[in-house]
Amino acid sequence: MTGNKMKKTIILLLSVFSILLFSGIAYATSCSVAASDTAVIGADEDISLTCSEIGSGNTVTIEPSGFSTQCITLDSASKQVSTSSPTTTFSVTGVSMSCSLSVSDRTVDWTFTHSGGNSIASKSTVYNVVPMPSITPSFDEPVYSASNDSSNVTVTLALTTSQSEVDIRNIELLLTTSFNGTELENIAGLENKTQENGTSITIDVSESTTQYVTWNLELPPLPPGSTYDFNVSLTSDNANPTMATALINVSSGGGETTIEYTYGTAESWYLISIPVGLDDSSVSSVFSDMNDFYELWQWDADSQSWEGYFKGFPGNDFSNVNAS
């Protein structure tokens, strides 16, 4: 009997010891975070922290400390993770670059408190504080060309940053185009863009500091000599807003545009404006159907003076008509 009781006691003790040993292994909690990161002045940058082996029903409270709020700020004083949700993020914002020489002011010390009392080693992240990135948008051609009989134009915008450490995220391009000061809305292909090729417009500086965005425009027919103004305003999550402009000049594509002018029969002065480029701008060509005029005057913008033309007179101030 005594021998059987000893066996039961030994077996019981071994079972308890095994449970304690298993529990100790299961809850050997550890947490990880980047040892260094970048904080952008005036912009939010996320940093992720992950804890493992937390144990069922337990949580880990994460608290940042040690840094100077004159250097960087965080969006929260503490956050919790659990087995079902082991990762969390803190949003870090750069405040000033004046602390660049003080490593302690830009170092975040992370402490981890386990709800079950497990000891977790603390971590630290040293931040490099940088100014808010800037983007330089530029069209691949400052002046594009369209023709009055073929109005499809491809416009390409290059977005370039000098920042080499921080991605420029979620760029939004707001577009407008106008003709003679009037904004045009019903242009196929003219659209605001937040995506290119199915993904958000972002400059991934690890791959390239330049991103390209294109529009394929179908312009309404306009007479030769017309000009479209094309403007883009740029905003993003973490870069200074900016804008760029370009022109689209409409030239003759082989078709003809006729401008008709009807004038009265009374002998008088008539004001005539020619809003298109002319293949032949000579007075004899422009007024070939107007046989009864004898005197023309036009304003010369370069000399800021009037020029005269008298029919049949050899010494006229001009022989070609200016488009206006």
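Provide a single number: the residues in the stretch 47-58 that are part of a strand (DSSP E or B) and either of a type in the set (Gly, Ala, Ser) or out of contact with any Asp or Glu (no Cβ under 9 Å at 6 or more places or on another chain) (or both). Outline the logic, then answer.
If we filter the stretch 47-58 for residues that are part of a strand (DSSP E or B), which is where we start, we get 47-52.
Now drop any that are not either of a type in the set (Gly, Ala, Ser) or out of contact with any Asp or Glu (no Cβ under 9 Å at 6 or more places or on another chain) (or both), which leaves 48-52.
Total meeting the criteria: 5.
Residues checked against (1) at pLDDT below 80; (2) surrounded by 12 or more Cβ atoms within 10 Å (Cβ to Cβ); (3) of a type in the set (Lys, Arg); (4) within 19 Å of residue 267 (Cβ to Cβ):
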position: 284; (1), (2), (3), (4): no, no, no, no
position: 306; (1), (2), (3), (4): no, no, no, no
position: 310; (1), (2), (3), (4): no, yes, no, yes
position: 322; (1), (2), (3), (4): yes, yes, no, no
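Please go through the stretch 299-324 and pick out each residue that is over 20 Å from residue 288 (Cβ atoms), under 51 Å from the mean Cα position of the chain (by Cα) and assigned to a loop (DSSP other than H, G, I, E, B).
Result: 301, 302, 303, 304.
So which residues in the stretch 59-82 are in contact (Cβ under 8 Å) with a residue 60 or more places away in the chain and part of a loop (DSSP other than H, G, I, E, B)?
Our first condition is that a residue be in contact (Cβ under 8 Å) with a residue 60 or more places away in the chain; within the stretch 59-82, this holds for 60, 67.
Result: 67, single match.
Among (1) closer than 26 Å to residue 45 by Cα; (2) surrounded by 14 or more Cβ atoms within 10 Å (Cβ to Cβ), where does residue 198 come up short?
Among (1) closer than 26 Å to residue 45 by Cα; (2) surrounded by 14 or more Cβ atoms within 10 Å (Cβ to Cβ), residue 198 violates only (2).
Going residue by residue through the stretch 93-109, is there one that turns out to be assigned to a helix (DSSP H, G or I), among the acidic types (Asp, Glu) and either closer than 15 Å to residue 35 by Cα or not assigned by TED's automatic domain parsing to the domain that holds residue 237 (or both)? Don't jump to the end; show me each part of the working.
Initial filter on the stretch 93-109 (assigned to a helix (DSSP H, G or I)): 104-106.
Checking the rest, the ones that are also among the acidic types (Asp, Glu) come to 105.
Narrowing the set further to residues that are either closer than 15 Å to residue 35 by Cα or not assigned by TED's automatic domain parsing to the domain that holds residue 237 (or both) leaves 105.
Within the stretch 93-109, one or more residues are assigned to a helix (DSSP H, G or I), among the acidic types (Asp, Glu) and either closer than 15 Å to residue 35 by Cα or not assigned by TED's automatic domain parsing to the domain that holds residue 237 (or both).
Output yes when any residue across the stretch 118-133 is more than 18 Å from the chain's Cα centre (by Cα), over 28 Å from residue 239 (Cβ atoms), in a strand (DSSP E or B) and at pLDDT 85 or above, and no when none is. Outline the logic, then answer.
The first filter runs over the stretch 118-133 and keeps only residues more than 18 Å from the chain's Cα centre (by Cα), leaving 118-130.
Those still in the list that are over 28 Å from residue 239 (Cβ atoms) too: 118-124.
With the extra rule that they be in a strand (DSSP E or B), the set shrinks to 123-124.
Then drop every residue that is not at pLDDT 85 or above, which leaves 123-124.
So far as the stretch 118-133 goes, yes, one or more of its residues are more than 18 Å from the chain's Cα centre (by Cα), over 28 Å from residue 239 (Cβ atoms), in a strand (DSSP E or B) and at pLDDT 85 or above.
Looking for something among the small types (Gly, Ala, Ser), farther than 27 Å from residue 38 by Cβ and part of a strand (DSSP E or B) - is there at least one such residue anywhere in the stretch 171-185?
The first filter runs over the stretch 171-185 and keeps only residues among the small types (Gly, Ala, Ser), leaving 178, 181.
Narrowing further to those that are farther than 27 Å from residue 38 by Cβ: 178, 181.
Remaining after also requiring part of a strand (DSSP E or B): 178.
Within the stretch 171-185, one or more residues are among the small types (Gly, Ala, Ser), farther than 27 Å from residue 38 by Cβ and part of a strand (DSSP E or B).
Answer yes or no: is there a residue in the stretch 147-161 that is buried (at least 18 other Cβ atoms within 10 Å of the Cβ), at pLDDT below 80, out of contact with any Lys or Arg (no Cβ under 7 Å at 6 or more places or on another chain) and in a strand (DSSP E or B). Show your work before the answer.
Taking the stretch 147-161 first, the residues buried (at least 18 other Cβ atoms within 10 Å of the Cβ) are 147-148, 151, 153, 155, 157, 159, 161.
When the remaining residues are screened for being at pLDDT below 80, the result is 147-148, 151.
From what's left, out of contact with any Lys or Arg (no Cβ under 7 Å at 6 or more places or on another chain): 147-148, 151.
So of that shortlist, the ones also in a strand (DSSP E or B) come out as 147.
The answer is yes, given that some residue of the stretch 147-161 is buried (at least 18 other Cβ atoms within 10 Å of the Cβ), at pLDDT below 80, out of contact with any Lys or Arg (no Cβ under 7 Å at 6 or more places or on another chain) and in a strand (DSSP E or B).
For every residue, the table says whether it meets (1) surrounded by 14 or more Cβ atoms within 10 Å (Cβ to Cβ); (2) closer than 27 Å to residue 281 by Cα.
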residue	(1), (2)
177	yes, no
208	no, no
244	yes, no
249	yes, yes
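The values are calculated or read from the model by the stated rules, or taken from the named source; none is laboratory data. It should be emphasised that the depicted structure is a prediction, and the values quoted were computed from it without experimental measurement. Note that each Cβ is placed from the backbone with ideal geometry, even for glycine, and that neighbours are counted across all protein chains shown.
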